[in-house]
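Please read the structure below before turning to the comments.
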Amino acid sequence: MNITYVSVKERTREIGTRKAIGAKRRSILLQFLVEAVAICLVGGGVGLLLSWLMSTAVAAAFPSFPMRFSLTLVMTGLVVSTITGIVSGFAPALSASRLDPIEALRYE
């Protein structure tokens, strides 16, 4: 959520420019939501890769300890990452879409 808030603050003038030339609130909201979901999916993918590497290492070190990496768990991890992106990105995206174009263009 903080990354998305920082992104909104850094691009306040850009948002003001986009709104001044006619961008709808929905398009700005979707832009920041897509960015938040993308960041969370990358993080989820890295987490899945690391957990796969660790489960492979445990299976190799302890052959009597069965380790499986199922497709259901991978899909669950990616769905949870997506939901996390939507939930954590919604408030910053909403605040970005509600910016007044004049105030946003004045922002330094």
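Looking at the structure I just gave you, is I86 aliphatic (A, V, I, L, M) and in contact (Cβ under 8 Å) with a residue 40 or more places away in the chain? Yes; evaluated as a whole, the condition is true for this residue.
Taking the criterion of being in a helix (DSSP H, G or I), over 21 Å from L30 (Cα atoms) and of a type outside the set (S, T, N, Q), the residues of the stretch 66-101 that qualify are L71, L73, V74, M75, G77. Might you check whether a residue that is in contact (Cβ under 8 Å) with a residue 12 or more places away in the chain and out of contact with any His (no Cβ under 9 Å at 6 or more places or on another chain) occurs anywhere in the stretch 58-66? No, the stretch 58-66 contains no residue that is in contact (Cβ under 8 Å) with a residue 12 or more places away in the chain and out of contact with any His (no Cβ under 9 Å at 6 or more places or on another chain).
Per the listing L53, L49, the residue uniquely under 30 Å from E10 (Cβ atoms), over 13 Å from the mean Cα position of the chain (by Cα) and modelled with pLDDT of 90 or more is L49.
Only one of I39, I28, I15 is within 18 Å of L94 (Cβ to Cβ), in contact with a Lys or Arg (Cβ under 7 Å, 6 or more places away or on another chain) and touching a residue at least 24 places away in the same chain (Cβ under 8 Å). Can you tell me which? I28 is the lone residue from the list that is within 18 Å of L94 (Cβ to Cβ), in contact with a Lys or Arg (Cβ under 7 Å, 6 or more places away or on another chain) and touching a residue at least 24 places away in the same chain (Cβ under 8 Å). Residue count for the stretch 15-24, restricted to those that are in a helix (DSSP H, G or I) and surrounded by 14 or more Cβ atoms within 10 Å (Cβ to Cβ): 5. Specify which of the listed residues (T4, T56) is hydroxyl-bearing (S, T, Y) and loosely packed, with under 13 Cβ neighbours inside 10 Å. Result: T56 is the single residue among T4, T56 that is hydroxyl-bearing (S, T, Y) and loosely packed, with under 13 Cβ neighbours inside 10 Å. Please tell me if V74 is free of Cβ contacts under 8 Å to residues at least 40 places away in the same chain, within 17 Å of the chain's Cα centre (by Cα) and surrounded by fewer than 16 Cβ atoms within 10 Å (Cβ to Cβ). Criteria not met by V74. Number of residues in the stretch 36-65 that are over 26 Å from I3 (Cβ atoms) and assigned to a helix (DSSP H, G or I): the value is 7.
The values are calculated or read from the model by the stated rules, or taken from the named source; none is laboratory data. In this text the structure is predicted, and so the values were computed from the model without any measurement. Note that each Cβ is placed from the backbone with ideal geometry, even for glycine, and that neighbours are counted across all protein chains shown.
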